[in-house]
Amino acid sequence: MHEVSIVARDPRRFETVIGRERTDVFVNTAALATELLAGRSIVNINSTAAGGGVAEMLHVLLGYVRGMAIDTRWVVIEGSPAFFELTKRIHNHLYGGSGDGGPLGEAEHHVYAETLQAEHDDLAAMLRPGDLVILHDPQTAGLAEHAKHLGCQVAWRCHVGIDEQNAQSEQGWTFLRPYLEPFVDHYVFTDPGFPPPWIPPERTTAIWPSIDPFSPKNQELSDETVEAILTHVGILAGRPGDTTFRRNDGSVARVERHCDVFRTGPPATPESLMVVQVSRWDVMKDMIGVMQAFADHVDGVSDVELVLAGPTVTAVADDPEGGQVLQSCWEAWRALPHAVRRRVQLVCLPMHDLDENAVIVNALQRHAAIVTQKSLAEGFGLTVAEAMLKRTPVVASAVGGIVEQVIDRETGLLVKDPTDLGEFGAALVRLLGDDELRSKLGAAARDRAVEVHLGDTHLQSWVEVMTALTS
């Protein structure tokens, strides 16, 4: 177990985006949280500090909590490859899939419990009676009992799930239930439809994640900087230029590293329309489905390129399937006709410097004509919220939290059946051929992102959870 450094962020900077009145409410909410805590700490525990939406969200939200003089800490558990293979299997079950098809029996309970038992000494040295412990996702559920025995209030935050339980999700919940039910004081889900029936509704809260408009992932970038960054990393054949950006700590840096790009022929020109999906290399994100829909229904309609981008797979410790999914994507890409393949790029983003990684994603989302999120299941699409903030229209699956994020035909386009490649391709073609509609949807998306996806609304929801726990 190791602690993650949290960079404090000034909540008053939100005033330039949300106005003074709403910022005052934000600051007053923090004061209420401090009063509720009465000297106790908030300790977040998850399985990785880099890669994926949970880690990104924690870097941002905890920074503002620390900036409000609230004592908060963030620690990451350690685990063996066998442990992370198991928790990825559970993760996929909660999404309604079978994952790698492996069992969830007595032997798996032994691996799970034994791994987390090794974290108990570190946890005991870190926690004090009365502290609020927030455990994130299946990897940490087994720590609830120990935290409770140490005299802490325990919340379990689950970022994954499906609206209607099936046999696979029930199997996942059956595995987790003995680690959660006797010890967790409150549950937080992304969508009110995600909890299994054995969790009491009065002990659950639905909270959307949030994004930071000032982070490297979302800060304003000029068109020239966007082109320079994407040219430098190898995605565009544009003009070299200034790749500087502002880090989370306020210092100025520039993009130095390059992406690993699978491509046939030269990079795309800056004038080409670009469809972009950025996500983990995860079967539930259906990168292959995006590629196949593009090949069958979009390529040749106009001068358009497809970029599928995800992290360098060795950099995400808690996702052992990443390399396998990337390999499958590469094989599917190799099978495309040459004329199609030269319009499709598979991009592995550098992860050595998280701020640098974030600003590359920022540039991709700003340059894109369309951002897609064709997930087969999704708790909440951070990439959807990020694109909306940047006025980039979104085409996404109508699953999970995305249904609440995107208002169909008002702030983006939703595809009802995420497996229907024809419907998905038709939505892309419709937007690619209509500049006015893309602009209209993008402007409305920006307004909605500012209204519901920023950190002040997120913190307000967590204060309600703190009130439930402390009472």
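Each reported figure results from applying straightforward, stated rules to the coordinates on display, with no laboratory input. All figures in this text were calculated on a predicted structure; none of them were measured in a lab. Reconstructed Cβ throughout: ideal geometry from the backbone, glycine too, with neighbour counts over all protein chains shown.
Structure data summary
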| item | result |
| --- | --- |
| Cα-Cα P(r), region 223-452, percent of pairs per 5 Å interval | 1, 7, 15, 19, 22, 18, 13, 5, 1, 0 |
| By average C-beta atoms within 10 angstrom, highest first, the peptides 38-50, 233-245, 271-283 | 271-283, 38-50, 233-245 |
| Estimated dipole of region 310-456 in Debye, rounded to 20 [Cβ of Lys and Arg +1, of Asp and Glu -1, Cα centre] | 700 |
| Mean-position separation - Cα centroids, region 177-255 and region 136-176, in angstrom | 22 |
| If the convex hull is drawn through the Cα atoms of region 119-191, its volume per residue in Å³ | 83 |
| Residues TRP173, TRP208, TRP330 arranged by fewest to most Cβ contacts within 10 Å | TRP330, TRP208, TRP173 |
| Share of Cα-Cα pairs in region 292-401 lying beyond 17 Å, as whole percent | 62 |
| Counted charge near ASP24, where neighbours are those whose Cβ lies closer than 11 Å (Asp, Glu -1; Lys, Arg +1) | 0 |
| Positive-end residue of HIS93, VAL7, ILE18, charge dipole of region 1-126 with Cβ unit charges | ILE18 |
| Average projection area in nm² (convex hull over Cα atoms of region 206-256, one quarter of hull surface) | 4.6 |
| Relative contact order of the chain, pairs being alpha-carbon contacts under 8 Å that are 6 or more residues apart, as % | 16 |
| Hull shadow area, averaged, the chain [alpha-carbon convex hull, nm²] | 20.4 |
| Given LYS88/LYS285; LYS390/LYS416; LYS285/LYS416, the pairs whose alpha carbons are separated by over 20 Å | LYS390/LYS416 |
| Simple label model, 7 Å out from Cα along Cβ direction - SER439 to ARG203, nm | 5.4 |
| Label-reachable residues, region 47-72, where backbone N falls under 19 Å from a point 7 Å from ARG128's Cα toward its Cβ | 66-72 |
| Angle in degrees between helix 106-117 and the longest Cα principal axis of the chain, rounded to the nearest 10 | 80 |
